[in-house]
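Notes to accompany the following structure.
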Amino acid sequence: MDRHTGRASTRRDTGIFLLCVTLSLLALLSPPSWNRGLAGGIRETALRPLIALQRFAEEGRTSRERLRVAIAERDSMAIELQNAAAIVAENARLRELLDLRSQIPETFLPADVLHQPLPTDGQTLLLGVGTNRGVRAYQPVIVGAGLVGVVVEASRSSSIAHTWANPEFRVSAVTDDGSVLGIVAPTNREGSGIPGLEFRGVAYRDTVPVGTRVVTSGLGGVYPNGLVIGWVTGVAREEIGWERVYALRPAVNLGVVSHVLLLPSVEPALGDSVP
């Protein structure tokens, strides 16, 4: 390195140092109002890019925090909406039961379903009431949509009900206008394992249109008359000159039953089979 160049660089550094010291002394000795003005000038000139970077960094941090809060609120809202759909459905079923209470005897008994069945496995229900609440066998079980089944066994604090999907279920039924009488029993839909209902024992001369509502007839001393069982969807099979069997769409979806009402009934005579 050239010696003259090194000397010039050293002198320049020394001069800059002395200038900084001088400016510092002037700043310390100058009035406060001058200091504020000087500081403001420096901020608006030399430090302006640094201040802008600091502002951008703060805005970025604030934006990230707002985004985190927005995502959390969105996730919470999605969960609440999912729960709200279930609550709305549950409220609708409870309103059906409340509306039904005005149409049934005052001796009905509300019950919770402790075992929530699947649509393909709804043959029995475990109910949260038992003999301590007056439950006994052969009490009809209903919801607002219609007939669910019948109590077959009661212990002190719980009871078991057979639903319309149980192979042993039978109920005397009649069309809504009272013109056609028959027996409703469960069946598997085309061997799929999904239970359905059939309106059996209908005389061959009687024709039941699609969409006809089928209700309990009141015969047999277990089910009162007028409980909705289902709607006719067509002819399932027939024997020429003897009878027609009609397929029914059940009124009650067993997969969503969570609250039921138990009705009083006349207990069948000894030896009668469970409907």
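From the list Val184, Val215, Val202, which one is farther than 15 Å from Gly146 by Cα, crowded, with 19+ Cβ neighbours inside 10 Å, in the same structural domain as Arg237 (by TED's automatic domain parsing) and touching a residue at least 12 places away in the same chain (Cβ under 8 Å)? It would help to see each step written out before you state the result.
On the way: Val184 fails: farther than 15 Å from Gly146 by Cα; Val215 fails: farther than 15 Å from Gly146 by Cα.
Answer to the check: Val202.
Out of the residues in the range 256-265 that are in contact with a strand residue (DSSP E or B) (Cβ under 8 Å, 6 or more places away or on another chain) and of a type in the set (Val, Ile, Thr), state the one that is nearest to Val150 (Cα to Cα). Write out each step before concluding.
Step one: list which residues in the range 256-265 are in contact with a strand residue (DSSP E or B) (Cβ under 8 Å, 6 or more places away or on another chain), which gives 257-263, 265.
If we keep only those that are of a type in the set (Val, Ile, Thr) as well, we get 257, 260.
On the way: Val257: 14, Val260: 11 Å.
Taking the candidates together, the pick is Val260.
Restricting the range 225-255 to residues that are surrounded by fewer than 18 Cβ atoms within 10 Å (Cβ to Cβ) and touching a residue at least 60 places away in the same chain (Cβ under 8 Å), which is nearest to Gly144 (Cα to Cα)?
Residue satisfying both the conditions and the ranking: Asn253.
I'd like the full set of residues that are surrounded by fewer than 21 Cβ atoms within 10 Å (Cβ to Cβ) and either within 29 Å of the chain's Cα centre (by Cα) or closer than 14 Å to Leu109 by Cα (or both), limited to the range 147-165. Explain how you work it out, then say what you get.
The first filter runs over the range 147-165 and keeps only residues surrounded by fewer than 21 Cβ atoms within 10 Å (Cβ to Cβ), leaving 152-153, 155-158, 160.
Hits for the range 147-165 are Ser157, Ser158, Ile160.
Just to be sure I understand, how many residues within the range 225-241 are assigned to a strand (DSSP E or B) and small (Gly, Ala, Ser)?
The initial filter retains those residues of the range 225-241 that are assigned to a strand (DSSP E or B), namely 228-239.
Next, from what is left, pick out any that are small (Gly, Ala, Ser): 230, 234, 236.
Of the residues in that region, 3 qualify.
Is it true that some residue in the range 124-138 is more than 25 Å from the chain's Cα centre (by Cα) and under 28 Å from Arg200 (Cβ atoms)?
First, pick out the residues of the range 124-138 that are more than 25 Å from the chain's Cα centre (by Cα): 130-138.
Now narrow it down to the ones that are under 28 Å from Arg200 (Cβ atoms): 137-138.
Within the range 124-138, one or more residues are more than 25 Å from the chain's Cα centre (by Cα) and under 28 Å from Arg200 (Cβ atoms).
The values are calculated or read from the model by the stated rules, or taken from the named source; none is laboratory data. Bear in mind the structure is a predicted one, so any value in this text is a computation, not a measurement. Using ideal geometry, Cβ is built from the backbone for each residue, glycine included, and neighbour counts are taken over all protein chains shown.
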